[in-house]
Amino acid sequence: DFCLSRGLGDVYKRQVYIDMDRLDLANFIVQKALTTVKGGDDSKLYLVLGRIYQMQDKPASARDNYIKALELDPNLVAARIWLSDYYLDNRNFGDTVPLLEKAREISPNEVAIYYNLGIAYRGVGRYEESAAAYQKALVLEPGPEPHLNLGILYGDYLKNYDMAVEAYEMYKSMGGDAAVADGYIEATLKEQEKVCLLYTSDAADDSLRV
């Protein structure tokens with residue numbers, strides 16, 4: 001067993017301590033395994049250590065351990081996803097995109113990859129790819145949040161107000177916060193009305209010049 005071979009003693013011990021929020025003890029166990037037992041696959045230990053630091057609200061330490069895990073095993077999808085969480089929290093969209101595009105090659109049916117890719121693509125201005133990523137996330141695991149993000153993408157970036165309203169309505173119908181959805185819908189309709197008035201005004205000015 002992996003845990004036994006890395007000197008953890010009990011196959012369940014590490015996860016049990018994490019589940020019980022005994023994070024300091026879980027941290028100690030993993031650190032001890034890394035320092036006392038050599039010759040095994042340490043990538044997953046660094047992955048777990050990163051997760052512990054993340055749960056302890058120590059994001060920089062979590063990042064460093066995810067990077068170390070990926071240096072040892074570039075195909076470790078969980079490390080790519082959790083590292084992408086750190087990058088997105090820090091608005092580092094440029095590094096997130098290649099990180100997750102590789103994860104998608106390795107594990108093409110992991111919903112978290114597409115959800116985070118949607119955010120990253122939007123951050124670097126690749127709006128159509130962002131929409132496609134959110135839509136893929138919905139195919140894999142239907143839920144309200146991708147609809148909310150699609151609404152924001154359609155309304156604020158692609159200026160497709162009808163699609164934005166439809167996405168917000170879907171978000172609400174799937175259990176999303178109705179007040180949040182209604183607020184976005186109201187703002188979207190106001191923006192759409194403003195654009196329509198501006199277009200009408202410009203058209204009227206053009207007719208007067210003829």
**OP:** Restrict the check to segment 145-155 and report whether at least one residue is acidic (Asp, Glu) and closer than 14 Å to residue 118 by Cβ.
**Re:** yes
Subject >> Contacts under 7 angstrom Cβ, first residue in segment 131-156 being in a helix (DSSP H, G or I) and surrounded by fewer than 22 Cβ atoms within 10 Å (Cβ to Cβ), partner of a type in the set (Asp, Glu) and at pLDDT 95 or above, 6 or more apart >> reply: none
**OP:** Would you check if residue 169 is at pLDDT below 95 and assigned to a helix (DSSP H, G or I)?
**Re:** no
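From the list 116, 75, which one is surrounded by 15 or more Cβ atoms within 10 Å (Cβ to Cβ), within 26 Å of residue 52 (Cβ to Cβ), touching a helix residue (DSSP H, G or I) at 6+ places or on another chain (Cβ under 6 Å) and not hydrophobic (A, V, I, L, M, F, W, C)? Can you show your working first?
On the way: 75 fails: surrounded by 15 or more Cβ atoms within 10 Å (Cβ to Cβ).
After ruling out the rest, the residue left standing is 116.
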**OP:** Determine whether residue 204 is at pLDDT 95 or above, open to solvent by 30 Å² or more (accessible area, probe 1.4 Å) and part of a helix (DSSP H, G or I).
**Re:** no
Subject >> Sole residue being surrounded by 21 or more Cβ atoms within 10 Å (Cβ to Cβ), more than 24 Å from residue 157 (Cα to Cα) and at pLDDT below 95, chosen from 46, 53 >> reply: 46
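Within segment 172-194, can you find the residues that are part of a helix (DSSP H, G or I), buried (at least 16 other Cβ atoms within 10 Å of the Cβ) and modelled with pLDDT of 95 or more? It would help to see each step written out before you state the result.
Looking only at segment 172-194, we keep the residues that are part of a helix (DSSP H, G or I), and these are 172-173, 178-194.
Subsequent filtering for residues that are buried (at least 16 other Cβ atoms within 10 Å of the Cβ) retains 172, 181, 184-185, 188, 192.
Of everything in segment 172-194, those that are part of a helix (DSSP H, G or I), buried (at least 16 other Cβ atoms within 10 Å of the Cβ) and modelled with pLDDT of 95 or more turn out to be 172, 181, 184, 185, 188.
The values are calculated or read from the model by the stated rules, or taken from the named source; none is laboratory data. All values derive from a computational prediction rather than experimental measurement. For neighbour counting, all protein chains shown are included, and Cβ atoms are generated from backbone atoms with ideal geometry for every residue, glycine included. Areas reflect the complete protein model, heavy atoms only, side chains present, ligands, DNA and RNA absent. Shrake-Rupley method; radii C 1.70, N 1.55, O 1.52, S 1.80 Å.
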